[in-house]
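Asks: Once you've had a glance at the structure underneath, I'll fire off some questions.
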Amino acid sequence: MNQFLTIALLFFALPIYGQAFKEAWAPLVEASCIDCHDANTDTPLNLEKIGHDLSDSNTFRQWVEIFDQVDSGEMPPKKKKRPDRVIKNKALATLHQHLRDASLAKLIKEGRAPLRRLTRTEY
Ligand code: HEC
């Protein structure tokens, strides 16, 4: 595919596409996280307020942290009931794909400057 088209698609499609991972996480958050991670708790994470725009680097970092905590089984804490495996795997798989796409979009966006510099020095 034409490179410009690929970039345009990544950027314009990401915000809408972001909804899909929000939806994949809602059942897991509701069942296994929200009791400890809402506005009324003192954990460092408020899952009611978290953003879903992974092109924002803070939001991106937060979701990477969430991915790691859930993937490693650290969250929910060991003493709590294990989340439903199907719900958990779907949330992780969807998030993984979205994190990968967002880093690809960032790479393409930021990768363009060094490429131009390289071309200039070759002259
Ligand atoms: C029983 C309460 C409880 C439940 C349920 C729970 N957490 Fe936590 N979570 C905590 C506490 C307490 C901390 C702070 C732990 C610490 O600082 O060592 C924490 C920390 C975290 C952190 C690290 C935040 C940071 O910035 O340091 C993440 C990410 C996280 N939880 C995600 C989740 C997710 C996702 C779920 C649901 C799958 C979940 N947690 C379920 C109590 C809970």
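The values are calculated or read from the model by the stated rules, or taken from the named source; none is laboratory data. For clarity, every value in this text was computed on a predicted model and none was experimentally measured. Cβ: placed from backbone, ideal geometry, glycine included. Neighbour counts: every protein chain shown. The area values use the complete protein model at the heavy-atom level, side chains included, leaving out ligands, DNA and RNA. Shrake-Rupley method; radii C 1.70, N 1.55, O 1.52, S 1.80 Å.
Asks: What is the number of the single condition among (1) at pLDDT below 75; (2) surrounded by 14 or more Cβ atoms within 10 Å (Cβ to Cβ) that Met1 does not meet?
Replies: Met1 satisfies every listed condition except (2).
Asks: Another question, if that's okay. I want to confirm something. Restricting to segment 46-95 and keeping residues that are open to solvent by 90 Å² or more (accessible area, probe 1.4 Å), of a type in the set (Lys, Arg) and in a helix (DSSP H, G or I), which single residue is nearest to Ala26 (Cα to Cα)?
Replies: Result: Lys90.
Asks: For residues in segment 16-45 being open to solvent by less than 60 Å² (accessible area, probe 1.4 Å) and within 10 Å of the chain's Cα centre (by Cα), which is nearest to the ligand (Cβ to nearest atom)?
Replies: Phe21
Asks: Identify the single condition in (1) at pLDDT below 90; (2) closer than 17 Å to Glu30 by Cα that Ile108 does not satisfy, given that it satisfies every other one.
Replies: It is condition (2) that Ile108 fails.
Asks: Now a separate question. Which pairs turn up if I take residues in segment 91-109 that are in contact (Cβ under 8 Å) with a residue 24 or more places away in the chain and more than 13 Å from Val64 (Cα to Cα) and look for partners that are of a type in the set (Ser, Thr, Tyr) and open to solvent by 80 Å² or more (accessible area, probe 1.4 Å) with beta carbon separation below 8 Å, at least 6 apart in sequence or on another chain?
Replies: Note: pairs meeting the criteria are Ala105/Ser55; Lys106/Ser55.
Asks: Then there's this: Any residue in segment 62-84 that's acidic (Asp, Glu): show its pairings with residues that are open to solvent by less than 70 Å² (accessible area, probe 1.4 Å) at Cβ separation under 7 Å, as long as the two are six or more apart or on different chains.
Replies: Asp71/Leu92
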